[in-house]
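Encoded as structure tokens, the structure appears first; notes follow it.
Derivation of every value follows stated rules applied to the coordinates shown; laboratory data play no part. This structure is a prediction, so every number in the text was calculated from the model and none was measured. As a convention, Cβ positions derive from the backbone with ideal geometry for all residues, glycine included, and neighbour counts pool all protein chains shown.
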Amino acid sequence: MILTTHALAGAAIGKNFGNPWIIIIFSLVIHYIMDSFRHGEYLDRQSTLENTWWKVALDLFFAMAIVGFFIIFKNPKPSETFSILLGSFFSMLPDLFTVLYWKLNFKILKKLFLFHAWIHKYPPFSPERTWTLRNSANDIIFSLIAILLLFF
Ligand SMILES: [Zn+2]
């Protein structure tokens with residue numbers, strides 16, 4: 001799923017749990033569970049760091065904009081803000097690991113990379129993983145649930 005969806009889920013986890021270890025573990029586990037649902041990706045066979053970095057940057061920008069809007073608008077306690085940022089970060093971390101292995105060859109991350117690939121229901125570059133509105137349905141649903149849990 002896109003980073004925005006993961007970051008929102010992590011922010012919702014952070015807001016609703018106080019213990020940092022629970023937040024970290026939940027955020028990581030829920031990342032993999034969410035990725036097991038059908039979802040489109042903006043990466044394809046032609047993706048390189050050079051032609052894809054701006055999509056990742058835009059995705060990250062939206063993630064931080066919504067979480068930042070929440071923090072500015074709702075002004076949570078510092079401890080709650082920390083939990084929200086912690087959850088967002090650890091919710092996105094598995095995808096950072098994937099990029100580090102896939103494009104920069106960090107060999108130590110191979111097992112995590114293979115697990116991350118295995119958890120996806122559909123094979124890479126299959127029609128169910130292309131960047132279409134149909135394939136974004138689960139991203140939209142999960143993001144809306146996360147926003148509800150975050151804001152209310
Ligand atoms: Zn992922």
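Some points to look at:
- Over the residues of the chain, the helix contribution to mean residue ellipticity at 222 nm works out to -24000 deg cm²/dmol, using -39500 (n - 2.57) for each DSSP H run of at least 4.
- Degrees, to the nearest 10: 3-16 long Cα axis against longest axis of the chain: 30
- Spacing of the two label points (7 Å from each Cα toward its C-beta) at residue 152 and residue 110, in nm: 4.8
- In plain terms, the chain from residue 57 to residue 19 could stretch by 10.7 nm, reckoned as 0.36 nm per residue minus the Cα-Cα distance.
- Over all pairs of different C-alpha atoms in the stretch 3-151, the reciprocal of the mean inverse distance, the Kirkwood hydrodynamic radius, equals 15.8 Å.
- Karplus-derived HN-Hα couplings along the stretch 41-57 (A = 6.51, B = -1.76, C = 1.60, θ = phi - 60°), whole Hz, x at Gly and Pro: 10, 8, 9, 9, 4, 8, 5, 10, 4, 5, 9, 10, 4, 6, 5, 5, 4
- FRET E, pair residue 128, residue 28, Förster distance 25 Å, beta-carbon r, rounded to 0.05: 0.55
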